[in-house]
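Let me begin by presenting the structure, written as structure tokens, before commenting on it.
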Ligand code: AP5
Ligand code: MG
């Protein structure tokens, strides 16, 4: 399965991907996490990306597309992947389609997470994250059992540098300008599935969403097989 998680900052892409990647045994590829890893490691890529993450603007397409191409070429992506936060611009979406086409592959589904803006502000300004395994927490709704320590891996639970109200405003405006057009892009490909993610994240909610995703992928594959046989 090749799935993209689309949605504004704070709509729960990382939280959903964390659960879905375990349930579906798919690698979770978060471009935000890849950039943060490179910044923490002090790599050349991290050096080039840092100013964009700190200000809430997008890292230029040529840097981002190159990084994702390298990641998708790794062995664990052969059977599928869960992309979180990529693509985020039309040129990134076109580049992804081209990479897949080279292998006669295509995306199976784009899950578009939707949450009202006031709830996004509440979630992001209270978000915490494990800096070792990436597990997301929330000071109000999902705090770690022991303050500052990840329940899953024991790593340090921290607040992201870009999780301020001011940077979030820039991230949201950037989303509306550059990423929102992808909703139409994937709708036209017939692979978009909208999901209202304002409810609480529970194992039952994830299970029923996964069932829906599998059914939708089956339907998409049937209709594209019918279209090919009619050509
Ligand atoms: P990135 O790391 O992708 O950040 P983002 O898109 O701003 O999204 P977030 O990670 O903030 O939110 P999320 O949707 O993952 O929500 P989460 O699950 O954590 O990107 C950061 C930066 O990197 C960008 O600004 C840009 O500079 C750069 N970048 C990344 N990709 C790029 C690209 N393709 N091109 C160019 N630049 C790129 O949830 C948020 C909070 O809500 C958590 O506290 C969580 O516990 C809580 N929560 C989630 N779901 C629920 C629920 N159902 N109920 C209750 N609480 C919930
Ligand atoms: Mg995230």
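The values are calculated or read from the model by the stated rules, or taken from the named source; none is laboratory data. Predicted model, so just to flag it, every value in this text is computed and none were measured. All Cβ positions, even for glycine, are placed from backbone atoms using ideal geometry, and neighbour counts span all protein chains on display.
Of the residues 226, 167, 152, 174, the single one that is surrounded by 15 or more Cβ atoms within 10 Å (Cβ to Cβ) and either in contact with a strand residue (DSSP E or B) (Cβ under 9 Å, 6 or more places away or on another chain) or over 17 Å from residue 113 (Cα atoms) (or both) is 167. Checked against (1) at pLDDT below 95; (2) assigned to a helix (DSSP H, G or I); (3) surrounded by fewer than 15 Cβ atoms within 10 Å (Cβ to Cβ), residue 18 meets all criteria but (3). In segment 97-127, which residue that is touching a strand residue (DSSP E or B) at 6+ places or on another chain (Cβ under 8 Å) and part of a helix (DSSP H, G or I) is surrounded by the fewest Cβ atoms within 10 Å (Cβ to Cβ)? My answer is 100.
Checking each residue in segment 97-116 for being closer than 20 Å to residue 63 by Cα and free of Cβ contacts under 8 Å to residues at least 60 places away in the same chain picks out 97, 98, 99.
Scanning segment 21-37 for residues that are assigned to a helix (DSSP H, G or I) and in contact (Cβ under 8 Å) with a residue 12 or more places away in the chain yields a count of 9.
Look at segment 201-226: where a residue is in the same structural domain as residue 26 (by TED's automatic domain parsing) and a partner is surrounded by fewer than 16 Cβ atoms within 10 Å (Cβ to Cβ) and assigned to a helix (DSSP H, G or I), sitting 6+ places away or on another chain with Cβ atoms under 6 Å, you get 210/23.
Among the residues of segment 133-147, those identified as within 16 Å of ligand 2 (Cβ to nearest atom), outside any strand (DSSP E or B) and touching a strand residue (DSSP E or B) at 6+ places or on another chain (Cβ under 9 Å) are 134, 135. Which of (1) under 19 Å from residue 189 (Cβ atoms); (2) within 11 Å of ligand 1 (Cβ to nearest atom); (3) in a loop (DSSP other than H, G, I, E, B) is the odd one out, the single condition residue 58 does not satisfy? Condition (1) is where residue 58 drops out. Quick one: which of 195, 201 is touching a helix residue (DSSP H, G or I) at 6+ places or on another chain (Cβ under 7 Å) and part of a loop (DSSP other than H, G, I, E, B)? When all the criteria are applied, what remains is 201. Counting the residues of segment 40-54 that are assigned to a helix (DSSP H, G or I), more than 17 Å from residue 133 (Cβ to Cβ) and more than 8 Å from ligand 1 (Cβ to nearest atom) gives 8.
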